[in-house]
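Take a look at the structure below.
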Amino acid sequence: MSEGALSHLRICDFTGQLAGAGATRFLAAFGAQIIRIEDPVTEGRWDILRGNPPYKPGQRGLEYGGAYNNHNVEKLGITLNLRTDRGKEILRDLVRISDAVTENFAAGVLERWGFNYEGLKAIRPDIIYVSNCGFGHSGPYRDFKTWGPIVQAVSGLTFSSGIPDQPPAGWGYSYMDHTGAYFMAMAIMMALHHRNVTGEGQWVDLACTEAACTLNGPALLDATVNGRPLRRPGMPDANRSQFPPMAPHNIYAAAGEDNWVAVACRNDGEWATLRQFIGERWASDPRFDRISGRLEWQDELDANMTAFTSARDRFTLAESIRALGIPATAVQRPEERIDKDPNTEGWGLWPTVQHTLMGEVRVDGLPVHLSETDWHLERGGPCLGEHNEQVYGEVLGMSSREIAGLRAEGVI
């Protein structure tokens, strides 16, 4: 196994897309041996991201999916046909030497294959089984299948994003998958810690929809404690802070096409400094002296702020406001954040890995560094069955002849 804080761990991994693969990715970055199992019959299409864009120029097809590579760095990839009795025998062998089995299929898929928690525990009594699906394995929605945007809609998050008097804007890309991955990674580590202390394995049942609900926080409290609905006159305004109240606090137009600057004026003292910097008559309006007035007249305040910011360069203006001790930043495009922001190289947040077919590819790093046991990402995501020889030969001890036979029989 590779070196790292988690190099003593082996995960038998059925995860895909992001909500699952994104979880085991964290463990792989810290050295855990993640053996990612894919189906040879469907040529890896369990995971819709495998052959989908984004692509590098001139590279398209099953092995070139950019998101798939990003979510599966440092993992070992094998193929195994679980429709066959021999395939199921091999899976049992893998479970015996694994610390955990992880998956994010719809509820009941592993159970139909004969590998529910009781079946896995019969193979290895202290196994940790972590399942992650849209609605978990209990409750009236158990049998429903879902996808990131659906989870966000059901959880109430989609309803919370938008501007006054407009339909919900939604969250765009499936950000809920990220949150599901974070919770799953934490759950795996908590279960492993419990086993280290007690010797006892367990089943961790995770529902992405419930994970999404945790992000509603203040809106849920406002509804249950104060009886106030999220959608009411002037609400929601996704760019304004309601908890705690601040003003001016918004995304304001800057000079140029589709350029913006974010400003967060947190209290009356910061506003006194900012209004002096602005130096225009409207900023001295006594209605804006206190936060209560700035909130009451927030639409007018924001209109004046926009008139002020729209004539100024976003980067220069943000730097000047920050120099006053007030949070502000230019709204950056992704390409600016990655390629032009000096903190990118300093933090190492987008390392370059080596993919077998794509060559050098930039991927997401982790937004955390450990002084003694830091993460590392060097190897790209696995091609379909790329590590069959290594896993079946070195890990399970099969001969080259046995492996060739399995391939000929359609088992791998």
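Each value in this text was obtained by applying a stated rule to the coordinates, not by laboratory testing. Since the structure is predicted, the reported quantities are computational estimates derived from the model, not experimental observations. All Cβ positions, glycine included, derive from the backbone under ideal geometry; neighbour counts span all protein chains shown.
Brief remarks on what is shown
- Top of L384, L27, L274 by mean-square fluctuation, Gaussian network on the chain, Cα under 10 Å: L274
- Of the trypsin sites (Lys or Arg not before Pro) found in region 57-114, the ones in coil according to DSSP and having at most 16 other Cβ atoms within 10 Å of their Cβ are R60, R83.
- Beta bridge orientation in the chain: antiparallel %, DSSP, nearest 5: 35
- Qualifying trypsin sites (Lys or Arg not before Pro) in region 328-412, where qualification requires a DSSP coil assignment and no more than 11 other C-beta atoms within 10 Å, comprise K340.
- Classified by the C-alpha gyration tensor, the chain has a prolate form. Its axis ratio a/c, with a ≥ b ≥ c, is 1.5 or above, and a/b is larger than b/c.
- Considering only alpha-carbon pairs that sit under 8 angstrom and 6 or more positions apart, the relative contact order computed for region 92-233 is 27 percent.
- Environment charge of G87, counting only residues whose C-beta is closer than 14 Å and scoring Lys/Arg +1, Asp/Glu -1: -2
- Taking only the C-alpha atoms of region 133-272, Rg followed by Dmax gives 19.4, 62 Å.
- When the Cα positions of Y141, P351, M176 are compared along the charge dipole of the chain, Y141 comes out farthest toward the positive end, with charges on each C-beta of Lys, Arg, Asp and Glu.
- Residues considered: P167, P125, P40. Largest GNM mean-square fluctuation over the chain, using C-alpha springs under 10 Å, is found at P167.
- Residues with amide H under 5 Å from that of R379, placed H, sequence gap 5 or more: E74, Q354
- Over all distinct Cα-Cα pairs of region 26-177, the Kirkwood formula returns a hydrodynamic radius of 17.9 Å.
- Cα-based Lys proximity count in the chain, under 27 Å, for pairs eight or more positions apart or on separate chains: 8
- Note on the chain: with a GNM built from Cα contacts shorter than 10 Å, the maximum mean-square fluctuation among L49, L396, L76 falls on L396.
- Largest-first principal axis extents, alpha carbons of region 260-330, Å: 29, 22, 18
- Cleavage-rule hits, GluC sites (Glu not before Pro), region 237-326, DSSP coil, Cβ neighbours within 10 Å at most 15: E257, E280
- 222 nm mean residue ellipticity, helices alone, for the chain (DSSP H n ≥ 4; -39,500 (n - 2.57); rounded to 500): -10000 deg cm²/dmol
- When only the Cβ of Lys, Arg, Asp and Glu is charged (+1, +1, -1, -1), the dipole of the chain relative to its Cα centre reaches about 520 debye.
- Remark: region 137-252 carries a charge dipole of roughly 180 debye about the Cα centre, counting +1 on each Lys and Arg Cβ and -1 on each Asp and Glu Cβ.
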